[in-house]
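Since the structure comes first, as structure tokens, the remarks are kept for the end.
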Amino acid sequence: MSEVLNGVQKAEAEAAKIIEKAQSKAEEIKRDAERKIRETEPNVRSQLTEEITALQQGIEKKAQTQAKTILAKADNEAAAIEEQAKKHIKKTVDFIVSAIYSFGGAAK
């Protein structure tokens, strides 16, 4: 019985050593992981900041391009409307002048 008890105690001692080593290894892994996170975090933040800045610049450039396109289109439309207005004014003036001549000619 004493041998069995000794065997159990040795097994318990071995198990305790194994558990202690496992806990030690787990703590070491945890410390390494935390260190890697601390070391990596600034790089990730920097990289994300660069990517966000690039995206913002791309969005701004696209918005500027679209704004220029819209303004150019509006300018073209305004020029076309102005040209049409000039033609209508010329036709109106021509009509009035011919009407004045017609009425003036009829009054004589």
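Observations, loosely collected:
- When the helices of the chain are scored as -39500 (n - 2.57) per DSSP H run of n ≥ 4 and the total is divided over every residue, the value at 222 nm lands at -38000 deg cm²/dmol.
- Taking θ as phi - 60° and the Karplus parameters 6.51, -1.76 and 1.60, the scalar couplings of the stretch 24-40 work out to 4, 5, 4, 5, 4, 4, 4, 4, 4, 5, 5, 5, 4, 5, 4, 6, 7 Hz in sequence order, x denoting glycine and proline.
- Note on Rg/Rh (Cα atoms, Kirkwood Rh): of the candidates (1) 1.90; (2) 1.00; (3) 0.95, the value calculated from this structure sits at (1).
- Net charge over other residues, Cβ less than 13 angstrom from the Cβ of Ala85 (K, R count +1; D, E count -1): +1
Taken together, the values in this text are just the output of simple stated rules run on the coordinates, not laboratory data. Treat the numbers as computed from the prediction; the structure is a model and nothing was measured. Cβ: placed from backbone, ideal geometry, glycine included. Neighbour counts: every protein chain shown.
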